[in-house]
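In what follows, a single structure is set out as structure tokens and then discussed.
Rule-based calculations on the coordinates, nothing more; no lab input. Being a predicted model, the structure only gives us computed values, none of them experimental. Virtual Cβ from ideal backbone geometry, glycine too; neighbours counted across all protein chains shown.
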Amino acid sequence: MLSEYLTRESFEVEVAHDGDAALARLGAPGEAAPDLVILDVMLPGCSGLDVLRVLRKREAPPPVLMLTARGDDVDRIVGLELGADDYLPKPFNPRELVARMRAVLRRISERSLPHEPLVLGTLRLDPARHRATYRGAAVELTGAEFRVLEVLIRAAGRIVSREHLTEQALGRRLELYDRSIDTHASNLRRKLGLGPSAELEIRGIRGAGYLLTPPNEAAP
């Protein structure tokens, strides 16, 4: 049932029903490592914690989200000490699991991103210092505004959906009637002075999302 739910959420899912099968799949030569492992503590045979111990001894282990039936503090603490990236006690709402999964995948992705400043025309973002300048002047941005702008500048010239912006910048899924991204985009335009006659423009594309246009590039 969980596999079917995750598939509907656009994940490609492989299932192992016990610890030994999981280790065999994860160690199989020529098999690509998964982007994320959801690991139940109470697996038959080799337990989830045992699987985690083996995985963490390998080079470049995949991120792991642990599930525990009891919400036991001992299992949670041991799992985190062994290197689990997150945990979720059962029973749980599948939507919460998906939110946790996306959060782990996002954090892993952010770790691999370069920390050098991002530059687009005279717009400069320094994620390491949380500093933004435009046309040489410092711009005071809230944390959410900074993250929205960072996602847009990394995708400059391409439309970014409101769903993606919400997940990447705000760390949650877009809910019905949620206008947070629209508010942040409006604030960014105002603080940066962006518009059709400016060097850069943040354009709202009806039904699609937002687009940050690079200098001298015509918007679609």
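At 0.36 nm per residue, and after removing the present C-alpha to C-alpha distance, how many nm does the segment from residue 53 to residue 95 gain when stretched out fully?
Here the answer is 12.4 nm.
Say the dipole of the chain comes from +1 at the beta carbon of Lys and Arg and -1 at that of Asp and Glu; which of 192, 105, 54 then lies farthest toward its positive end?
192
Quick check on the chain: of the DSSP beta bridges with both residues there, what percent are antiparallel, nearest 5%?
65 percent
Taking the Cα centre of the stretch 2-112 as the origin, how large is its charge dipole in debye, to the nearest 20, when only Lys and Arg (+1) and Asp and Glu (-1) carry charge on their Cβ atoms?
280 debye
With a 10 Å cut-off between alpha carbons and a GNM built on the chain, which of 123, 176, 67 moves the most?
Fluctuation is largest for 176.
Kindly rank 155-162, 8-15 from highest to lowest mean number of other beta carbons found within 10 Å of each residue.
So the peptides 155-162, 8-15, ranked by packing, come out 155-162, 8-15.
Placing unit charges on C-beta atoms (Lys and Arg positive, Asp and Glu negative, everything else neutral), compute the dipole magnitude of the stretch 113-183 about its Cα centre in debye, rounded to 20.
With Lys and Arg at +1 and Asp and Glu at -1, about 160 debye.
Amide H of residue 46 versus every other amide H placed in the peptide plane: which residues, excluding those fewer than 5 positions away on the same chain, fall under 5 Å?
19, 20
From the alpha carbon gyration tensor of the stretch 2-112, can you work out the equivalent ellipsoid semi-axes (sqrt of 5 times each eigenvalue) and give them in Å, largest to smallest?
Whole-Å semi-axes of the equivalent ellipsoid: 18, 18, 15.
Once you have all Cα-Cα distances for the stretch 12-52, histogram them in 10 Å bins from zero and send the whole-percent values.
It works out to 31, 57, 11, in whole percents.
In sequence order, what are the phi-derived ³J(HN,Hα) couplings for the stretch 144-150 according to the Karplus relation 6.51 cos²θ - 1.76 cosθ + 1.60 with θ = phi - 60°, rounded to whole Hz, with x for glycine and proline?
5, 4, 4, 5, 4, 5, 4
With θ set to phi - 60° and the Karplus curve 6.51 cos²θ - 1.76 cosθ + 1.60, what are the ³J(HN,Hα) couplings of the stretch 164-174 in order, to the nearest whole Hz, using x for Gly and Pro?
Result, rounded to whole Hz: 5, 4, 5, 5, 6, 8, 9, x, 8, 7, 6.
Compute the Rg/Rh shape ratio of the stretch 141-183: radius of gyration over Kirkwood radius, all on alpha-carbon atoms.
0.94
In what order do 202, 181 fall by count of nearby beta-carbon atoms within 10 Å, going from fewest to most?
Going from least to most buried by this count: 202, 181.
Once phi is turned into ³J(HN,Hα) by the Karplus curve 6.51 cos²θ - 1.76 cosθ + 1.60 with θ = phi - 60°, what whole-Hz value does each residue of the stretch 101-106 show in order, with x for glycine and proline?
Running phi through 6.51 cos²θ - 1.76 cosθ + 1.60 with θ = phi - 60° gives 4, 5, 5, 5, 4, 5 Hz.
Counting pairs of Cα atoms in the chain, how many percent are more than 29 Å apart?
41 percent
Please give the helix 180-192 orientation as an angle from the longest Cα principal axis of the chain, in degrees from 0 to 90, rounded to the nearest 10.
Tilt relative to the chain: about 40 degrees.
Which cross-chain or sequence-distant (5 or more) residues have an amide H under 5 Å from the amide H of residue 39, H modelled 1.01 Å from N in plane?
65, 66, 67
So which residue, out of 183, 166, 68, gets the largest mean-square fluctuation from a GNM of the chain using Cα contacts under 10 Å as springs?
Its mean-square fluctuation being the largest, the pick is 183.
Which values of log₁₀ I(q)/I(0), to two decimal places, follow from the Debye formula for the stretch 118-213 at q = 0.13, 0.15, 0.25 Å⁻¹ with a uniform point scatterer at every Cα?
Per q value, in the given order, log10 I(q)/I(0) is -0.39, -0.52, -1.52.
Between residue 9 and residue 122, how many nm apart are label points set 7 Å from Cα along the C-beta direction?
4.5 nm
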